[in-house]
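Engineer: Got a structure here, written out as structure tokens. Questions coming.
The values are calculated or read from the model by the stated rules, or taken from the named source; none is laboratory data. A quick note: this is a predicted structure, and the numbers were derived from the prediction, not measured. Positions of Cβ are generated from backbone atoms using ideal geometry, with glycine treated the same way; all protein chains shown enter the neighbour counts. Ligands, DNA and RNA are excluded from the accessible area calculation, which covers all protein heavy atoms including side chains. Shrake-Rupley method; radii C 1.70, N 1.55, O 1.52, S 1.80 Å.
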Amino acid sequence: MSIRRFLLVSVLCSAGLTGQVLAQVKSGLPDPLQRSNGARITTVAEWQRVRRPELIELFTSQVYGRSPEKPAAMTFHVFDTDPKALGGKATRKQVAIYVNGQTDGPRIDVLLYIPNRVQGPVPAILGLNFWGNHSVTADPGIRLTTSYLEKSKNNPYVNLDCVTDNRPTEACRGINTGQWPLDSILDHGYALVTAYREDIASDVPATRFSTGVHTVYPDWQKRPDNFGTIAAWAWGLSRIMDYLQSDPAINDKQVAVFGWSRLGKAALWAGATDERFAAVLSNESGAGGAKLFQRGKGESIRRLCTVFPHWYSVNFRQYMDKDTLLPFDQHEVIALLAPRPVYIASAEQDILADPVGEFESAKAASTVYRLFGREGLPVTKLPPLNTSVQGTIGYHIRPGGHDVTPLDWRYFLQFLDRQVRNK
Ligand code: GCU
């Protein structure tokens with residue numbers, strides 16, 4: 001063991017961490033197929049029965065935090081149905097999820113567009129949005145969010161001049177359509193299902209942990225394995241999946257979960273923890289998402305835990321400045337999706353997300369896909385720009401910066417057609 005690793009072991013010991021974590025400290029990228037006791041996993045049955053739960057527990061206790069079960073009192077209320085939305089192209093539905101069953105408690109507004117042209121039940125893409133359901137398309141029938149809307153200045157993706165007193169005005173409709181190509185999603189025969197991140201858990205300093213699901217479990221924030229906002233968003237995606245399972249218009253065996261950036265981090269954790277998701281699309285999820293920490297490139301654990309202290313559990317702070325020494329790494333989160341299809345997308349200038357680290361992570365996760373007899377990532381070298389490589393793990397890197405573009409969606413839809421819908 002190197003001196004640096006020895007020091008990390010000492011830090012972990014003094015932090016009182018479990019032997020399970022300590023036993024994993026060794027040199028190089030951890031092998032997802034190696035158990036914490038050193039034994040090797042050689043069969044799918046062992047992976048499912050032993051190693052998968054072990055990794056879930058490791059990432060739950062050390063990184064994301066422990067989320068509650070589905071609340072027994074939760075209810076759904078379909079408050080809007082328009083069979084002729086978008087000029088007749090889709091059926092729009094809006095559903096309120098009352099997290100604790102109380103109409104004055106936390107509420108997640110779910111927006112669905114279901115294509116009319118195809119016979120149901122249809123496959124669906126579920127993704128949280130950054131700026132409210134009303135931002136994904138200009139349809140006047142969408143309920144304007146009643147949750148906090150951040151008026152961040154100079155936002156390169158959306159113009160937030162329409163926001164007054166942290167609430168949307170009518171002018172906020174459709175401000176983010178560029179990242180949500182609803183027409184092509186519907187033309188491909190997929191339903192789009194979305195909800196606003198702030199309905200589930202707050203991302204702003206003023207209301208951190210004091211809105212949404214965190215208000216139902218206030219004591220959980222006192223624990224060192226508290227569920228942070230990323231885990232809360234993943235939890236919310238699972239609650240939306242609960243609803244989708246009750247909607248006969250949706251094929252609940254073909255629901256892909258999509259997310260960009262911080263919401264891509266949440267999409268990966270949702271897919272890892274909830275095997276009902278048939279596939280994951282992670283767009284530039286970067287640090288604490290798809291990228292490896294051990295390369296020591298791009299956003300660090302210190303930056304994540306200090307600029308966004310609400311995203312991960314308090315326990316995760318113990319690993320600040322230990323990125324290159326971690327006894328676990330994010331390729332193991334991708335591996336938790338096996339054998340389900342997952343697509344990792346990067347952008348060349350998105351340096352913070354370390355595109356090479358995202359690619360290497362997808363590559364390193366492939367070992368578990370191979371255990372299942374699947375191809376995983378079909379290449380070993382970073383593909384040229386604008387070239388989508390697709391095995392059960394898909395990947396592309398495109399020119400440009402941090403964004404979601406029509407090209408990203410073209411590849412996502414192609415991948416879902418091949419890997420989910422037509423399987
Ligand atoms: C910041 C953060 C990233 C995150 C991104 C986003 O840039 O450092 O980790 O992915 O915000 O969510 O837009």
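Engineer: Roughly how far apart, in whole Å, are the Cα centres of region 142-195 and region 285-352?
Structural biologist: Distance between centres, Cα-based: 27 Å.
Engineer: With a cut-off of 13 Å, note down the residues of region 287-302 whose backbone N falls inside the zone around a label point 7 Å from the Cα of I351 toward its beta carbon.
Structural biologist: From region 287-302, the list is 297-299.
Engineer: Please check: in the Gaussian network model of the chain (C-alpha springs, under 10 Å), which one of A73, A278, A287 has the largest mean-square fluctuation.
Structural biologist: Ranking A73, A278, A287 by mean-square fluctuation puts A73 first.
Engineer: Hey, in the GNM for the chain with a 10 angstrom Cα cutoff, which one of Q294, Q62, Q34 fluctuates hardest?
Structural biologist: Q34
Engineer: Which entries of K151/K297; K265/K297; K93/K151 have Cα-Cα distances beyond 23 Å here?
Structural biologist: The pairs that break the limit, which is 23 Å between Cα atoms, are K151/K297; K93/K151.
Engineer: Right, another one. So how much slack lies between R117 and T324, counting 0.36 nm per residue of separation and subtracting their Cα-Cα distance, in nm?
Structural biologist: 69.4 nm
Engineer: Put +1 on the Cβ of every Lys and Arg and -1 on every Asp and Glu Cβ in region 294-361; which of T324, V307, A353 then has its Cα farthest towards the positive end of the dipole?
Structural biologist: So the residue furthest toward the plus end is V307.
Engineer: Of the heavy-atom accessible surface of region 319-423 (probe 1.4 angstrom), what whole percent is carbon and sulfur?
Structural biologist: Carbon and sulfur: 53 percent of the exposed surface of region 319-423.
Engineer: Here is a further query. Before I look further, what does the chain give for accessible area per residue, probe 1.4 Å, in whole square angstrom?
Structural biologist: 37 Å²
Engineer: Sticking with this one: If you place +1 on the Cβ of every Lys and Arg and -1 on the Cβ of every Asp and Glu, how big does the dipole about the Cα centre of region 27-76 come out, in debye to the nearest 20?
Structural biologist: Taking the Cα centre of region 27-76 as origin, the dipole is about 60 debye.
Engineer: Separate question: I'd like the antiparallel share, as a percent to the nearest 5, of DSSP beta bridges with both residues in the chain.
Structural biologist: 50 percent
Engineer: Let me ask you something else. What's the extension gain from V314 to A206 if we count 0.36 nm per residue and subtract their Cα-Cα distance?
Structural biologist: 37.0 nm
Engineer: What does DSSP give for region 96-254 in terms of the percent of beta bridges that are antiparallel, rounded to the nearest 5?
Structural biologist: 55 percent
Engineer: If you average the C-alpha positions of region 197-219 and of region 386-419 separately, how far apart do those two centres end up, in angstrom?
Structural biologist: Taking the Cα centre of region 386-419 as reference, the centre of region 197-219 is 32 Å away.
Engineer: With the crude spin-label approximation of a point 7 Å out along Cα→Cβ, what separation in nm comes out for N159 versus T387?
Structural biologist: 3.9 nm
Engineer: Follow-up. Under a crude label model (7 Å from the Cα following the beta-carbon direction), how far is R276 from E150 in nanometres?
Structural biologist: The two pseudo-label positions are separated by 2.9 nm.
Engineer: To continue, here is another question. Want the number for S184 to T380: 0.36 nm per residue separation, take away the alpha-carbon distance, what's left?
Structural biologist: 67.4 nm
Engineer: Hey, another quick one. Dipole magnitude of the chain about its Cα centre, charges +1 at Lys/Arg Cβ and -1 at Asp/Glu Cβ only, in debye to the nearest 20?
Structural biologist: Value, rounded to 20: 900 debye.
Engineer: Hey, another quick one. Once every DSSP H run of n ≥ 4 in the chain is given -39500 (n - 2.57) and the sum is divided by its residues, what mean residue ellipticity at 222 nm do you get, rounded to the nearest 500 deg cm²/dmol?
Structural biologist: That calculation yields -7000 deg cm²/dmol at 222 nm.
Engineer: By a straight-distance test (C-alpha under 25 Å), which lysines pair with K423 as possible cross-link partners, with residues fewer than eight away in the same chain excluded?
Structural biologist: Partners found: K253, K363.
Engineer: Follow-up. Show the residues, 5+ positions off or on another chain, whose built amide H is closer than 5 Å to the amide H of N129.
Structural biologist: Placed amide hydrogens put A195, Y196, R197 under 5 Å from N129.
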